[in-house]
Amino acid sequence: MDLTLVVLAAGLSTRYGGVKQLQPVGPGGEALMDYGIYDALRAGFNKVVLVTRPELEDALRRHVAEVFGGAIEIAVAYQELDALPEGFSATSGRRKPWGTGHAVLSASGEVNEPFVAMNADDFYGADAFVALADYLREDLAGVPLEFAAAGYTLSDTLSPHGGVSRAVCEVDAEGYLERVTEVKQIKESDGALAGVTVAGERYLLTGDETISMNIWAATPTAFPLLQEQFGRFLDQHGADPEAEFLLSTAVNDLIVGGVRVRVIPTGGPWLGITYQEDRPYVEGKLRELVEAGRYPENLGASS
C-alpha cells in the first residue's frame, strides 16, 4: 500500500526567530523533519508532500533531496493566504498562514492515498510512524469516517523556557477521542500547571493528560470534511487577521459530527524547539539516540 507523509512546513516560527523548519540539530546537521521522514521511510511510506510557502520551496526541496536522494518521492504544495473556498477572501491585514487545518487542506491536490500529517519542527519517534502506518494498512473501507492520532503525555512535551500550545485529548475506554481542547501558554506558575483556552479561559492541568502533538493519520476522505469545517471557520473568524484554523479544533468539530478518531498511545520520545533555548536540550537528546543505536550518525549516508 502506498503511504504519504504530509509535512507542515509553512509556519513563520515567530517565537523561535528563524526558519525553524531547517535548523540543524542532529549530529550530521539534520533538521527535526529529517528524522520524521527517515522514520516514515522505515515504516513504509514512499512519498513526502512538503506544505510550505513559495519562498521556502527551493530550500526545502534541496535539503530533503540532499539528505534522502531518490529514496522517497518529493512533492510540494503551497499554503497560500488566498487559497480559500469560493466566496471568501483574505483580509488586507492578514500575514500569517491560516493554521494547521488549512495546511493539511493545501496538500489535498498531491495526496490520493492514506497519509500521515506532521509538523516539520517536531520529532515524534519511530514508534509513532510504525503505529500509524499499521493503522492505515488496516481495512478501513467499511469505516471511511475514522481517523487516528498518536497520543503523548503532556509532561513529556513541556518547555522550561516558556509557554507552549498543546491539544489536550479526552479519550474514552475504547481508545477513541471524545474531545480535544487547544490550550495555549501552558507552563508552571505559582506551583500550578495551567494554560489558556482559545476562548481565553484558564485551564488547569496535571501533566498526565494525553495530548496530540499534531501527528494525525487519515485517508483522502478527510479533505472534504476539513473543507466544510474551514468554510464554517471563515464565516465566524475570517475577518480576524490572527485567527487560525487549527487541525485539533477541526477534529473536535468532526467528532461532534460523527467522525471517530482513534488515539494510539506512543512512548515517544517527543522533541521540539519552541524557543532558541530549547535547542541545546534537543541536540543532546538526539545525540543520545544516535549513541544508543536508534539512528545513524548521518541520516543522509544511510538513505
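In a solvent-free Debye calculation with one equal scatterer on each Cα, what is log10 I(q)/I(0) for region 218-267 at q = 0.16, 0.17, 0.19, 0.20 Å⁻¹, listed in the order of the q values?
-0.52, -0.58, -0.69, -0.74
Sorting D172, D39 on the 10 Å Cβ count, fewest up front, what's the list?
So the residues, fewest neighbours to most, are D172, D39.
State, to one decimal in nm, how far the label point of E228 lies from the label point of N298, with both points 7 Å from Cα in the Cβ direction.
5.1
Trypsin sites (Lys or Arg not before Pro), restricted to region 105-197: which are DSSP loop and have at most 13 other Cβ atoms within 10 Å?
The qualifying sites are R137.
Full extension from D235 to F88: what is 0.36 nm times the residue separation minus their Cα-Cα distance, to one decimal in nm? Intermediate values should be presented prior to the final figure.
Values: separation 147, 0.36 × 147 = 52.92 nm, distance 0.86 nm.
Gain on extension, D235 to F88, equals 52.1 nm.
Please return the longest stretch of the chain lacking exposed loop sites, where chymotrypsin sites (Phe, Trp or Tyr not before Pro) count only if DSSP places them in a loop and at most 16 other Cβ atoms lie within 10 Å.
By the stated rule (loop sites, at most 16 other Cβ atoms within 10 Å), 89-274.
Give, to the nearest whole percent, the P(r) tail of region 146-192 beyond 15 angstrom, counting all Cα pairs. Could the numbers behind the result be given before it?
On the way: 547 of 1081 pairs.
Percentage above 15 Å: 51.
For E30, which sequence-distant residues (separation of 5 or more, or a different chain) have an amide H within less than 5 Å of its own amide H, given hydrogens modelled in the peptide plane?
The answer is V25.
Let a ≥ b ≥ c be the square roots of the eigenvalues of the Cα gyration tensor of the chain; is it rounded (a/c under 1.5), or, if not, prolate (a/b larger than b/c) or oblate?
Rounded.
What residues qualify as long-range amide H neighbours of I264, i.e. H under 5 Å apart, gap of 5 or more or another chain, H built at 1.01 Å from N?
So I264 has HN proximity to A149, A150, G151.
Divide by every residue of the chain the summed helix terms, -39500 (n - 2.57) for each DSSP H run of at least 4, and state the resulting mean residue ellipticity at 222 nm, rounded to the nearest 500 deg cm²/dmol.
Result for the chain, helices only: -8500 deg cm²/dmol.
Run the quick spin-label model on Q276 and D58: label points 7 Å from Cα toward the beta carbon, then report their separation in nm to one decimal.
Result: 2.7 nm between the two label points.
Under a straight-distance cross-link criterion of Cα-Cα below 16 Å, which aspartates and glutamates are reachable from K47, leaving out those fewer than 8 residues away in the same chain?
Result set, ordered by chain and number: D2, D34, D39, E66, E73, E110, E113.
Could you give the nm distance between label points at K187 and R202, where each point is 7 Å from its Cα heading toward the beta carbon?
Simple spin-label model gives 1.6 nm for this pair.
Scanning the chain for GluC sites (Glu not before Pro) in DSSP loops with at most 15 other Cβ atoms within 10 Å, what's the longest stretch left with none?
For GluC sites (Glu not before Pro) (loop position, at most 15 other Cβ atoms within 10 Å), the longest site-free span of the chain is 1-79.
Each reported figure results from applying straightforward, stated rules to the coordinates on display, with no laboratory input. Remember, it's a predicted structure, so these values are computed and weren't measured experimentally. Positions of Cβ are generated from backbone atoms using ideal geometry, with glycine treated the same way; all protein chains shown enter the neighbour counts.
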